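Throughout, read-outs are computed from the coordinates displayed, never taken from laboratory work. Because the structure is predicted, anything quoted here is derived from the model rather than measured. So basically every Cβ, Gly included, is an ideal-geometry build from the backbone, and we count neighbours across all protein chains shown.
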Amino acid sequence: MTHRFEYQRVRIAAFGYELPPHVVTSEDIERRLDPLYRALRFQPGQLEALTGITERRWWDPGFPMHAGASRAGEKALAAAGVDSADIGMLVYGGVCRDHLEPATVCAVADRLRLGPGALVYDVSNACLGMINAMVQVADAIELGRIRAGLVVSCETARQIVGLTI
């Protein structure tokens, strides 16, 4: 039996994003993989052909995830016309974090100047963290526990790609 639930009091008011400054193409990565490609007799273009990804963006080395998440959050709040003091719940749903502890969301909440009563926490569930965070905020709004919430994230693949190569 399947259940269908439709929110009555919830809507997505706005999105905000911040793009990392460094564009890295699949060709760039394949150039770094050239010795492997030659040894395995791979033709150039395999990475894009297999993934469909032509480019990705990377932050500067050491860039804090809370900084990118805060910038995107500021843009979302501005686009929605919502004051940060009205946010009742802020959830960071990213895989990448600044530290194991404290939660990355603590620095985001500080930068966004959330009110003292806001619930703030990280959700960690691999690629599903963002959707889990959105459902949690939506449920809190639907139940009347908060009037507005914000979900943020910031990701980087610079380290994992470098280690893999």
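Return 15, 42 ranked ascending by Cβ neighbour count within 10 Å, so the fewest neighbours appear first.
Sorted ascending by nearby Cβ count, the order is 15, 42.
Ratio of Rg to Rh for segment 65-154, alpha carbon only, Kirkwood? Don't jump to the answer; show the numbers that get you there.
Numbers: Rg = 11.8 Å, Rh = 12.7 Å.
Rounded to two decimals, Rg over Rh is 0.93.
How many nm is it between the label spots at residue 143 and residue 126, if each spot is 7 Å from the Cα in line with the beta carbon?
2.7 nm
Starting with the fewest neighbours, write out 124, 84 ranked by other beta-carbon atoms found within 10 Å of each beta-carbon.
Ascending number of Cβ neighbours within 10 Å: 124, 84.
Calculate the dipole size of the chain relative to its Cα centre from +1 charges on Lys and Arg beta carbons and -1 charges on Asp and Glu beta carbons; express the result in debye to the nearest 20. Could you put the intermediate results ahead of the total?
Details: 17 positive and 19 negative charges, 31 e Å.
Dipole about the Cα centre, nearest 20: 140 debye.
Starting from the Cα of residue 34, move 7 Å in the Cα-to-Cβ direction to define the label point; list residues of segment 133-165 whose amide nitrogen is under 11 Å from there.
Nothing falls inside the zone, counting backbone N under 11 Å.
On average over all directions, what projected area in square nanometres does the chain have, based on the convex hull of its Cα atoms?
Values: hull surface 51.0 nm².
Average of the hull's projected areas for the chain equals 12.8 nm².
Only Lys, Arg, Asp and Glu count, each charged at its Cβ (+1, +1, -1, -1), so figure out the dipole size of segment 65-154 about its Cα centre, rounded to 20 debye.
Result for segment 65-154 is approximately 140 debye, rounded to the nearest 20.
Ranked by Cβ crowding within 10 angstrom, fewest neighbours first, how are 90, 33, 128 ordered?
128, 33, 90
Hey, what D do you get for segment 89-129 in µm²/s if you plug the Kirkwood alpha-carbon radius into Stokes-Einstein at 4 °C and 1.567 mPa s?
124 µm²/s
Measuring from a point 7 Å past the Cα of residue 155 along Cα-to-C-beta, which residues in segment 68-110 have an amide N at less than 11 Å?
Residues 94-96 qualify, since their backbone N sits under 11 Å from the label point.
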